[in-house]
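Trainee: One structure coming up, written as structure tokens, with questions to follow.
The values are calculated or read from the model by the stated rules, or taken from the named source; none is laboratory data. In this text, all values refer to a predicted model and were calculated from it rather than measured experimentally. Every residue, glycine among them, receives a Cβ derived from its backbone with ideal geometry; neighbour counts consider all protein chains shown. When the accessible area is computed, the model is the full protein with side chains, heavy atoms only, and any ligands, DNA or RNA have been set aside. Shrake-Rupley method; radii C 1.70, N 1.55, O 1.52, S 1.80 Å.
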Amino acid sequence: MQISVYGDTLCAQVTATALAQTGHDVYWYVTDMGAWNALEQGAAIYKEPGLRFLLEEQRRSGRLRYRLYSESKRLNDSRVVFLAVQPGKVSLLESIVAHHAAMPAFELAVTQTVCAVGTSERLRDGLVDSGSRAELAVMPDMTQAGRAYDAFTRPDCILIGHENEEARVLLCEIMRPYVRTRDTFRHMSLREAEFARLASSGILATRISFMNEMAQLAERVDVDISVIREALAADSRIGSAYLYPGCGFGGPGLSGDVMSLVDTLQGYDAHAGLLEQVLAINERQKEVLFRKFWQYYGGNVVGKRVVIWGAAFKPGTHRVENSPALKVIEALWAQGVQVAVHDPLALPELSRWADGRGDLELYKDQYMAAADADALMLFTEWKQYWSPEWARLRGELREPLILDGRNIYDPVFVRSQGFQYKGVGRI
Amino acid sequence: MVPEQDVLTVSSIWARLEQYAQQHRHEHLADMFEADKERFQHFSQSDCGLLVDYSKQRLNTDILSLLVQLADERHLGHWIECLFSGQRVNCTEQRSAMHWRLREPSTTGASPEVHDQLDAMGAMVDRILTGQWRGSQGDVITDVVNVGVGGSELGPLMAAAALHSSMPATGKRPRLHFASSMDGSQISQILHDLDPRTTLVLVSSKSFTTIDTLHNANTARAWLARAFGGESEAMMRCHFIGISSNAARMTDWGIQPQNQLMFWEWTGGRYSLWSAIGMPIALTVGMDGFRDMLAGAHAMDEHFRSRRWAENIPVLLGLVDVWNINFLNITARAVLPYDGRLKHLPAYLEQLEMESNGKSVSRAGKPLEYNTCPVIWGEVGPNAQHAFFQLLHQGTLPVACEFLMTARRYTEQMHSASAKELEGQHRLSNANCLAQSRLLALGERALDPKVALPPYKRYRGNQPSTTLVLDELSPRTLGALLAMYEHKVFVQAVIWGINPFDQWGVEMGKLIATDMLDVLADPDSASGLDASSMALARHIVGSSL
């Protein structure tokens, strides 16, 4: 089947790759010149485990073609169109849909882009008004950075919003290869699919902020949050997912969705009391390592040097949007602290974000980055950080202070190696 | 040299003005407007974003030209030179009064120490606005408490409220709180509501000995120390900024050297909002906005120094006030802003004018035989209409009124959603302003003559007023407006031959309060106290047992 996929998102990259892999004839339209150039040069836009190889393989097979989207250019007349542009880009969605509406082969538009509730209905109304016979369905972007391909091809659940049987049949057919072991479709209306997507992010974010608040309390009452977390996880009513306290959540997904959900609530004049607090707690939590560093030195931090391990918003991705490390780097700059960073993937993105605003030394070697530092801050739990060579690290640091934003170390052991250790919510 | 002042009442011009006042005392403003259709053109001026209409004042061109001659006779030009050349115009304290220096542009290369302090304040302001001023636990500062009284509160409080719709270019405003009252009623409420971790305290006192301020600051300090389990160097460094002319006293109190902002002996407290005392203003509008305010004030300084008297706004306003007080015997002035953002302007002007010119001895130490500063009070105009306008319209006392309004409002981005309704409210308020000044001036001749009124419904009118219209309320126009008032006060002081820059009348009360503390500690030990004070002291002590 001829399919067009639109967008520069990770969701677009995975969708285009996976659909081509199962035999479809895919045209992938990207809207950003930089992304286009990367693809042309044989790189992937998003570095995901295994994905770059698969992408290249599909391109060579001839089933995946890259196109640079421009409003004025003629688009390929595909039977099905997947829309996975950046969240909230409603006018872009409208213009793509309008373009296809005028073409004969067009049968189905699938919006994956996370937008405010009601957006898909407006797109569908536009299609009806234009006289097109095409239908619209919603299959919300559930991509998880770091395991995007696996999540797409072996989904726990696929939310499908539609208001028409033909749309359902066609979309389920396209997704059939990924639900072979069990039927994981959940059918609902367009609006419900949009809402369900945002609400699930809201719950996950709420759990994290709740745990971060508990962690803060744990420090005050002298208990270890890890013990508390395990106790909670053992309760089947609660479960173990998203119970890890730390230095806050980031990324384009979770934080973006919660903000979008808050916007939706406000747009309907429904008070977003809980979610606003969830976001506020998270923003404050992003600076938890900075506060620990500040308190350790009594606020006398001018001229100090900090090494940061991990800038990506989570392991397995090169992306840094809304990452806690960014907020802390800005705070450190403002206080006249030198910042050295190691990250296995995210350094180029970090450097683009920094854009020369402050001193930022980037290191390919995590130990060299630590040389003469007055504190080590760990923001992203990359595997290579879990068991460092303690003696070497001890030798590099000027002050053996470890601020563990993901609670990956054993406090007792780390202290036995001659370090000061501070986690989040730990004694 | 500061010129000697002679006795004002022997002046021939003064005598002729008195004559005019006698002749014209019953002349009605309604008749004056009938007689001269160009009255507005003759009696208005505009510059620096301000339009000043004094055509509803009870004067004519002859009177105005005599007043202008009076200014010359009193050597106003020479006095202005003395002020702006840093002469010791504050004769009782042998100090110059150089608040104008605080707003000279840095491009002139003048006053490098002023610009050093502005830059130091600017760095702190930027740090606070960007969320990078940190409390001792590393938290972002979200609340700033200004602890100060008199000039260390009234100016910053007034201007911060006035400029609330001018957002800083970047960053996020902290919430501002003001604590001044000696009895702790403000500070107790503020501290109850705030989180010590996110609170920064500005201690503002020119001398750093003001007991009201130091007691409030001590209370805040104890509150922080309790929250952090004891006082520390980090607590003082992260939670206190001091603003004073006395570095040693700031240091003694515990303000860290890098957190000390200085101003100078030559800045009077009520003239100090242009210095670091204005930090709450800079936190409201950002440092660029603060510099705009200084630029507006500097433009008014230039206007005041360069315009001839008949076109000089501060001079004209000063002369009009002299005419009202000394010749028409109008001893009260109501300040009536028809823009709610100027709600604290009356209190600010009460201090600026009454503390400056509430004097009864000449520079040479002789008792004066004429009135000086009137009683000044005021309120947001539309609200005052529901309070004391009855007295203005139908009371027995003559009162000069000062109406303030803004031409443009609610054009800012932040108001986009409800702009239409709010613009309507703004228009309504301006309509009320114009209606009130018209009715006060013309009386029932502003009404339909065919309708006969019973005595209790009559409006005699002839209450004089000045109307000040700001193009918009921005840092720049506010700066010009305030500098205008400062210079007007100086003009009046020159005419009256008094020193507007001291305030000896408020010193003695502070001293004898110290003795009274002993009386309250033990009323029986007191001797030589009057019967009233003694009985009151005993009553209070008895009630608190």
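Trainee: Starting from the Cα of B:ARG305, step 7 Å along the direction of its Cβ; do the same at B:SER360; then give the gap between the two resulting points in nm.
Mentor: 3.7
Trainee: Also: Which of the DSSP-defined H helices in chain B satisfy a minimum axial length of 15 Å, computed from C-alpha atoms, and a minimum mean Kyte-Doolittle hydropathy of -0.5?
Mentor: Working: long enough: B:12-24 (18 Å, -0.98); B:61-73 (18 Å, 0.78); B:112-129 (25 Å, 0.04); B:211-227 (24 Å, -0.23); B:279-306 (33 Å, 0.11); B:419-442 (34 Å, -0.28); B:475-496 (32 Å, 0.69); B:507-521 (23 Å, 0.80); B:531-543 (18 Å, 0.72).
The answer, listed by residue number, is B:61-73, B:112-129, B:211-227, B:279-306, B:419-442, B:475-496, B:507-521, B:531-543.
Trainee: Go ahead and estimate [θ] at 222 nm for chain B from helices alone: -39,500 (n - 2.57) per DSSP H run with n ≥ 4, summed, over the residue count, rounded to 500. Intermediate values should be presented prior to the final figure.
Mentor: Values: 20 runs with 240 residues, N = 545.
Here the helix-only value at 222 nm equals -13500 deg cm²/dmol.
Trainee: Then there's this: Take peptides B:429-442, A:209-222 and line them up by average Cβ neighbours within 10 Å, highest first, as a rough protection proxy.
Mentor: Details: B:429-442: 19.0, A:209-222: 17.3.
Taking the mean over residues of other Cβ atoms within 10 Å, the ranking is B:429-442, A:209-222.
Trainee: Assuming 0.36 nm per residue, please report the length gained on full extension of the stretch B:THR107 to B:ALA531 beyond their Cα-Cα distance.
Mentor: Numbers: separation 424, 0.36 × 424 = 152.64 nm, distance 6.20 nm.
The B:THR107-B:ALA531 span can extend by a further 146.4 nm.
Trainee: I've got another one for you. For region B:48-178, with all protein chains present and a 1.4 Å probe, just round the carbon and sulfur fraction of the accessible area to a whole percent.
Mentor: On the way: 2390 of 4630 Å².
Of all accessible area on region B:48-178, carbon and sulfur atoms account for 51 percent.
Trainee: When the helix-only estimate is applied to chain A (DSSP H runs of n ≥ 4, each -39,500 (n - 2.57), divided by the residue count), what is the mean residue ellipticity at 222 nm, nearest 500 deg cm²/dmol? Before the final figure, lay out the partial values.
Mentor: Working: 17 runs with 183 residues, N = 427.
After summing the helix terms and dividing by the residues of chain A, the value is -13000 deg cm²/dmol.
Trainee: According to the square roots a ≥ b ≥ c of the eigenvalues of the Cα gyration tensor, what is the shape class of chain B, taking rounded for a/c under 1.5, prolate for a/b larger than b/c otherwise, and oblate for the remainder? Walk me through the intermediate numbers first.
Mentor: Numbers: a/c = 1.58, a/b = 1.43, b/c = 1.11.
Here chain B falls in the prolate category.
Trainee: For region B:318-338 and region B:151-224, what is the separation of their C-alpha centers, rounded to whole Å?
Mentor: Measuring centre to centre over Cα atoms gives 34 Å.
Trainee: Over all residues in B:300-308, what is the mean tally of Cβ atoms on other chains that come within 10 Å of each residue's Cβ? Don't jump to the answer; show the numbers that get you there.
Mentor: Details: counts 0, 0, 0, 0, 0, 0, 0, 0, 0.
Rounded to a whole number, the mean comes out at 0.
Trainee: A follow-up question, please. Rounded to the nearest 5, what % of DSSP beta bridges with both residues in the protein assembly as shown are antiparallel?
Mentor: Numbers: 12 of 89 bridges.
Just about 15 percent of them are antiparallel.
Trainee: Please check: in the Gaussian network model of chain A (C-alpha springs, under 10 Å), which one of A:THR317, A:THR31, A:THR380 has the largest mean-square fluctuation.
Mentor: A:THR31
Trainee: Just counting partner chain Cβ atoms within 10 Å, what average do the residues of peptide A:324-336 show around their Cβ?
Mentor: Details: counts 0, 0, 0, 1, 0, 0, 3, 6, 1, 1, 7, 5, 0.
Mean number of neighbouring Cβ atoms from other chains: 2.
Trainee: Now a separate question. Leaving out ligands and nucleic acids, note down the accessible area per residue over the protein assembly as shown with a 1.4 angstrom probe, in whole Å². Each step should come with its number before you reach the end.
Mentor: Values: 41690 Å² over 972 residues.
So the protein assembly as shown comes to 43 Å² accessible per residue, rounded to a whole number.
Trainee: Provide the packing ranking of A:146-156, A:342-352, i.e. peptides ordered by the mean count of other C-beta atoms within 10 Å per residue, highest first. Can you show the working numbers first?
Mentor: On the way: A:146-156: 16.4, A:342-352: 19.4.
Going from most to least packed, we get A:342-352, A:146-156.
Trainee: Provide a whole-number value for the mean count of partner chain Cβ atoms within 10 Å of the Cβ atoms in peptide A:291-303.
Mentor: Working: counts 7, 2, 1, 8, 4, 1, 2, 7, 11, 3, 2, 0, 0.
That average works out to 4.
Trainee: Within 10 Å, count the other beta carbons around each residue, average over each peptide in B:528-540, B:239-251, and list them highest first.
Mentor: Numbers: B:528-540: 11.8, B:239-251: 21.2.
Ranking, from highest mean packing down: B:239-251, B:528-540.
Trainee: Relative contact order of chain B, please, whole-number percent, based on alpha carbon pairs below 8 angstrom and at least 6 residues apart.
Mentor: On the way: 896 pairs, mean separation 109.2, N = 545.
Reported relative contact order: 20 percent.
Trainee: Assign one of three labels to region A:290-425, namely rounded, prolate or oblate, based on the Cα gyration tensor with a ≥ b ≥ c the square roots of its eigenvalues; rounded applies when a/c is under 1.5, prolate when it is not and a/b is larger than b/c, and oblate otherwise.
Mentor: Numbers: a/c = 1.55, a/b = 1.19, b/c = 1.30.
Oblate.
Trainee: Give the residues of region A:381-398 whose amide nitrogen is closer than 12 Å to a point set 7 Å from the Cα of A:TYR367 in the direction of its Cβ.
Mentor: Residues A:388-397 qualify, since their backbone N sits under 12 Å from the label point.
Trainee: Next question, about the same structure. Mind checking how much accessible area B and A bury in total, 1.4 Å probe, in Å² rounded to 100?
Mentor: Working: alone 23790 and 18950 Å², together 41690 Å².
Rounded to the nearest hundred, the buried surface is 1000 Å².
Trainee: While we're on this one: Pop the C-beta distance of A:SER189 and A:ALA105 into the FRET formula with R0 = 30 Å and round what comes out to the nearest 0.05. If you can, show how the numbers build up before the last one.
Mentor: Working: r = 26 Å, r/R0 = 0.88.
It comes to 0.70.
Trainee: Here's a follow-up. What is the distance in Å between the Cα centroid of region A:98-126 and that of region B:232-252?
Mentor: 63
Trainee: Straight distance only, please: which lysines reach the Cα of A:LYS304 with their own Cα at less than 22 Å, same-chain residues fewer than 8 apart left out?
Mentor: Within the straight-line limit of under 22 Å, A:LYS304 reaches these lysines: A:LYS286, A:LYS292, A:LYS327, A:LYS364, A:LYS422.
Trainee: Give me the lysines in straight-line cross-link reach of B:LYS359: C-alpha distance below 20 Å, same-chain residues under 8 apart excluded.
Mentor: By straight Cα distance, B:LYS359 reaches B:LYS488, B:LYS510.
Trainee: Please build a GNM for chain A, connecting alpha carbons under 10 Å apart, and tell me which residue among A:ARG237, A:ARG191, A:ARG319 fluctuates the most.
Mentor: The residue that fluctuates most here is A:ARG237.
Trainee: For B:GLU423, what charge total do you get from the other residues with a beta carbon under 11 Å from its beta carbon, if Lys and Arg give +1 and Asp and Glu give -1?
Mentor: Details: positive: B:ARG408, B:ARG409, B:LYS420, B:ARG427; negative: B:GLU421.
Charge balance near B:GLU423 sits at +3.
Trainee: How big is region A:1-93 in terms of Cα radius of gyration and Dmax, in angstroms?
Mentor: Answer for region A:1-93, Rg first and Dmax second: 12.1, 35 Å.
Trainee: Still on this model: Assuming a ≥ b ≥ c are the square roots of the Cα gyration tensor eigenvalues, decide whether region A:279-330 counts as rounded (a/c under 1.5), prolate (otherwise, with a/b larger than b/c) or oblate.
Mentor: Since a/c reaches 1.5 but b/c is at least a/b, the shape of region A:279-330 is classed as oblate.
Trainee: Whenever you get a sec, compute what percent of the accessible area on region B:316-438 sits on carbon and sulfur atoms (1.4 Å probe). Provide the component values of the computation, followed by the final result.
Mentor: Details: 2870 of 5360 Å².
Roughly 54 percent of what the probe reaches on region B:316-438 is carbon or sulfur.
Trainee: For chain A, just run the numbers: alpha carbon Rg, then divide by 2.2 N^0.38 Å, N being how many residues it has. Before the final figure, lay out the partial values.
Mentor: On the way: Rg = 23.4 Å, N = 427, 2.2 N^0.38 = 22.0 Å.
Scaled against compact globular proteins, the figure is 1.06.
Trainee: What residues of region B:94-134 lose no less than 10 Å² of accessible area with every protein chain in place versus their chain by itself (probe 1.4 Å, heavy atoms only)?
Mentor: Listed by number, the residues meeting the 10 Å² cut-off are B:ARG127, B:GLN132, B:ARG134.
Trainee: Using Cα centres only, tell me the gap between region B:72-113 and region B:430-494 in whole Å.
Mentor: Cα centroid of region B:72-113 versus Cα centroid of region B:430-494: 32 Å apart.
Trainee: In whole percent, and with a 1.4 Å probe on the protein chains, what portion of the accessible area of region A:305-387 is carbon and sulfur?
Mentor: C and S fraction of accessible area: 48 percent.
Trainee: For B:LYS420, list the lysines whose Cα falls under 26 Å from its own Cα; do not include residues on the same chain fewer than 8 positions away.
Mentor: Those lysines meeting the cut-off are B:LYS343.
Trainee: Pick from A:VAL227, A:VAL328, A:VAL288: which residue has the top mean-square fluctuation in a GNM of chain A where Cα pairs under 10 Å get a spring?
Mentor: Maximum among the listed residues: A:VAL227.
Trainee: How many nm is it between the label spots at B:GLN256 and B:THR331, if each spot is 7 Å from the Cα in line with the beta carbon?
Mentor: About 5.4 nm separates the two model spin labels.
Trainee: Also: When Lys and Arg each count +1 and Asp and Glu each count -1, what net charge do the other residues less than 12 Å away from B:ASP502, Cβ to Cβ, add up to?
Mentor: Working: positive: B:ARG88, B:ARG95, B:ARG270, B:LYS359, B:ARG363; negative: B:GLU93, B:GLU355, B:GLU507.
So the surrounding residues net to +2.
Trainee: Dividing the Cα radius of gyration by the Kirkwood radius, what Rg/Rh value follows for the protein assembly as shown?
Mentor: Values: Rg = 36.3 Å, Rh = 33.7 Å.
Result: Rg/Rh = 1.08.
Trainee: Here's something else I'd like to know. With both bridge residues required to lie in chain B, what share of the DSSP beta bridges run antiparallel, to the nearest 5%?
Mentor: Details: 11 of 44 bridges.
DSSP beta bridges in chain B are roughly 25 percent antiparallel.
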